[in-house]
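Report on the structure given below.
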Amino acid sequence: MNNLFYSRDGTPFFSLGGQVHNSSSYSEETMRRAWKAAEALGLNTVAAPVFWNLLEPEEGVYDYSQVHMLLQQAEAHGMHLILLWFGSWKNGASQYIPVWMRTQKERFRWVQTIQHFETRVLSPHCEENRQADARAFSRLLAYLKSHDTKGIVIGVQIENEPGQIGTPRDYSDIGERAYKSRVPKAVMDWLQEPGPCAQAGRAGGSKVREIWLKHGGRTQGDWEEVFGFHAAEICTAYAFAVYINSVSAAGKREFGIPAYVNVWLGEMYNRVAGIDYPSGGAASRVLDLWKRFTPDIDAICPDIYYNDYLMYGNICEKYAGPDNPLYIPESGATAMNAVNTFRGIVEFGLCGIHCFGIDSLTDREGNLKPGVQEYANMVRIVRAAAPLIQKYQGTGRLYAVTQYEGSAFDYIDFGDFVGRVVCTNPLDDPYAEDTRPYLDAAHTEDEHYHVRGKGLIVYEGNGSFYLAGEGFRLNLIRKDTIEGMTTGVRTSNFQNLRHQEYLEVAEGHFEADMKFVTDRLRTGDECDHGLWVHSDIGVVHALLEEGMK
Ligand code: DGJ
């Protein structure tokens, strides 16, 4: 699978992070609670905004103290950083630009609505805006190159949920001019490339091409002539993509660390661009166009606050692809998101997940608030399993356990073994085994049972299984002759569990080079109820007598 973040030694790095609230990175004082929360959540990365108005208080005069403070504090807390460049746009508006820009209205131009009301959004069609942003961003990256000698910053986000909220296109004179111009040759050539437009993610096909063909497939004309109803969004998306790509390119000339753009999803409310989500951002309708015109941006990343199975899968399908690593920069610290993360890792090659607003996830004493625990457990599980993810993601040997409402079981075909996943929490499954199975003496409280089944299983082959997770156990049956699989010692769950062909069952952890270190062996009662997991015990390794007989 493709990754976005890497450690300094070049190994892929799974970023388990949290984003601070929008104004928290203002000072050391306001960051205090965020660091505490990051520690309570067990994160390895904190994402924090860098404000353009602080970085460049006067034109051409740069003040790096905010960045310096973040670097220093991240190092002191043993965390990595992702810096969010709150430049021209933040959530489809332009709140973070310096005052000297705001006061030069003729030079730095703003988006207007159809009634010529001036919005609080910088125009993507203004060359002065673009140049100013690119200059400031490149100074930021030059600073990082010379001051982050330890590789604390693993990536930068360019802008934040860019696009324009309030109007589907810019009706100012420069916006009108762009809209009424002929669609650039580069776009026309791309539309006419043979085959489905490339870079369309796993969902396949190209939305913009589809729109173009439906509108008659004209080979020249202005945006409206070529794209019809969706022309405003497509023209605006092109302008934003080209602008932000050039900001990224300017940064990369100074320092080539991973740079991505995050997306306010188009799958919102009535799904009208400019009203329900910012027009011009890399919403799914224009994602293929964005990908094509942002060669200097490493990934386009969806902020996924949806928890439900269908929407989560739908969005991942659209954004994850061989040309676009799936990193989720914003999400909620919910139990469902924790479950979905394991699905994301296995089904969509997820390479990092951040939840939003960490500094309000703990109380004043620094304890996790109710409802956040399962997310923190997920973080712990993924950290323990990170070497397995790195080795097995995308190989077909990594399986996700994800428990959703109405089901307490799963069935996995491992090739030479059959696995039955039994969750400890019934979650409305009328057939759930209400046995409150024994884990071990240290895991008898409700909190060890009343969690959604979630985690990862690796089957390496030759009878070697690794498990990490919580709220489930795995019962195995070796695939055998029909007589072997239907003998009494297999068909009765009780008997089957007592006739497992374990050579060894161990709890442990990984050290460098995938070296598994045993912390405790499991035998007796601790083995007789299946291969169980919990978030505080690291990884379970079960070695069975040779898998295929
Ligand atoms: C998405 C934005 O990108 C964040 O900066 C923040 O405003 C959250 N929404 C709030 O939910």
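The values are calculated or read from the model by the stated rules, or taken from the named source; none is laboratory data. What you are looking at is a predicted structure, and each value in this text was computed from that prediction instead of being measured. Counting neighbours? That spans all protein chains shown, and the Cβs are built from the backbone with ideal geometry, glycine included. Please note that ligands, DNA and RNA were not included when accessible areas were found on the heavy atoms of the full protein model with its side chains. Shrake-Rupley method; radii C 1.70, N 1.55, O 1.52, S 1.80 Å.
Pop out the carbon and sulfur fraction of the accessible area of the stretch 269-340 as a percent, whole number, probe 1.4 Å. Let's see the in-between values first.
On the way: 1240 of 2250 Å².
Ligands and nucleic acids excluded, carbon and sulfur give 55 percent.
For the chain, what value does the Rg/Rh ratio take when both radii are computed over Cα atoms and Rh is the Kirkwood radius, given to two decimals?
1.03
What are the semi-axes of the equivalent ellipsoid for the stretch 308-377, taken as the square roots of 5 times the Cα gyration tensor eigenvalues, largest first, in whole Å?
With the √(5λ) rule applied to the stretch 308-377, the semi-axes are 26, 12, 9 Å.
With a Förster radius of 22 Å, plug the Cβ-Cβ distance of T334 and D446 into 1/(1 + (r/R0)^6) and report the FRET value to the nearest 0.05.
0.70
Just to be sure I follow the definition: excluding the sites themselves, where is the longest run in the chain that has none of the chymotrypsin sites (Phe, Trp or Tyr not before Pro) in a DSSP loop with at most 12 other Cβ atoms within 10 Å?
Working: sites that count: F117, Y269, Y431.
Formally, the longest exposed-site-free interval is 270-430.
On the full set of protein chains, 1.4 Å probe, figure out the accessible area of I389 and give it in Å² to the nearest 10.
Answer for I389: close to 10 Å² accessible.
Given a 1.4 Å probe, how much area per residue of the chain is accessible, in Å²?
Working: 21910 Å² over 549 residues.
Ligands and nucleic acids excluded, the result is 40 Å² per residue.
Are there any GluC sites (Glu not before Pro) in the stretch 43-118 that are in a DSSP loop and have at most 14 other Cβ atoms within 10 Å? List them by number.
Of the GluC sites (Glu not before Pro), the ones in loops of the stretch 43-118 whose Cβ has at most 14 other Cβ atoms within 10 Å are E59, E106.
Once phi is turned into ³J(HN,Hα) by the Karplus curve 6.51 cos²θ - 1.76 cosθ + 1.60 with θ = phi - 60°, what whole-Hz value does each residue of the stretch 369-378 show in order, with x for glycine and proline?
With the stated coefficients, the stretch 369-378 comes to 6, x, x, 9, 4, 5, 5, 4, 4, 4 Hz.
By how many nm would the segment from H21 to R107 lengthen if fully extended, with 0.36 nm per residue of separation less the alpha-carbon distance?
Between H21 and R107, full extension yields 27.8 nm more.
Can you compute 3J(HN,Hα) from phi for each residue in the stretch 259-267, using the Karplus curve 6.51 cos²θ - 1.76 cosθ + 1.60 with θ = phi - 60°, rounded to whole Hz and x for Gly and Pro?
Computed from phi, the couplings for the stretch 259-267 are 10, 9, 10, 9, 10, 7, 4, x, 7 Hz.
Can you pull out the trypsin sites (Lys or Arg not before Pro) in the stretch 338-398 whose DSSP state is coil and whose Cβ has at most 15 other Cβ atoms within 10 Å?
Those satisfying the criteria are R364.
Can you pull the Rg over Rh of the stretch 358-411, Cα-only, Kirkwood?
With Rh from the inverse mean 1/r over Cα pairs, Rg/Rh is 1.10.
Counting only residues 5 or more places away or on other chains, whose amide H sits under 5 Å from the amide H of N262 once H atoms are built in the peptide plane?
So N262 has HN proximity to I158, E161, C301.
I need the per residue convex hull volume for the stretch 118-173, using only the alpha carbons, in cubic angstrom as a whole number.
On the way: hull volume 5.1 nm³, N = 56.
Hull volume normalised by residue count: 90 Å³.
Using helices alone, what [θ] at 222 nm do you get for the chain, with -39,500 (n - 2.57) per DSSP H run of 4 or more residues, divided over all residues and rounded to the nearest 500?
For the chain, the value works out to -9500 deg cm²/dmol.
With labels modelled as points extended 7 Å from the Cα through the Cβ direction, what inter-label distance (nm, one decimal) is found for R135 paired with T149?
Placing both labels 7 Å beyond Cα along the Cβ direction yields 3.0 nm.
Grab the other residues whose beta carbon is less than 13 angstrom from that of R271, score K and R as +1, D and E as -1, and report the net.
So the surrounding residues net to -1.
Expressed as a whole percentage, what fraction of the accessible surface of the stretch 22-169 belongs to carbon and sulfur atoms when a 1.4 Å probe is rolled over the protein heavy atoms?
Ligands and nucleic acids excluded, carbon and sulfur give 50 percent.
Would you tell me the accessible area of H354, worked out with a 1.4 angstrom probe on the heavy atoms of the protein chains, in Å² to the nearest 10?
Accessible area of H354: about 0 Å².
Pop the C-beta distance of M514 and Y411 into the FRET formula with R0 = 30 Å and round what comes out to the nearest 0.05.
Approximately 0.60, to the nearest 0.05.
Under 14 Å from a label point 7 Å along Cα→Cβ of Q95: give me every residue in the stretch 345-377 with its amide N that close.
Counting only backbone N, you get 357.
Report the convex hull volume per residue for the stretch 407-533, counting only C-alpha atoms, in Å³.
119
Around R380, with a cut-off of 12 angstrom between Cβ atoms, what is the net charge of the other residues, counting Lys and Arg +1 and Asp and Glu -1?
-1
Got a sec to turn the phi values of the stretch 480-485 into Karplus ³J(HN,Hα) couplings, 6.51 cos²θ - 1.76 cosθ + 1.60 with θ = phi - 60°, whole Hz, x for Gly and Pro?
Each residue's phi maps through the Karplus curve to give 8, 5, 4, 5, x, 7 Hz.
Let me see the pair-distance distribution of the stretch 160-312: every alpha carbon pair, 5 Å bin width, integer percents in order.
2, 9, 18, 22, 21, 16, 8, 3, 1
When the Kirkwood radius is taken over all Cα pairs of the stretch 1-89, what Stokes-Einstein diffusion coefficient follows at 10 °C and 1.306 mPa s, in µm²/s? Could the numbers behind the result be given before it?
Values: Rh = 14.0 Å.
Translational D for this selection: 114 µm²/s.
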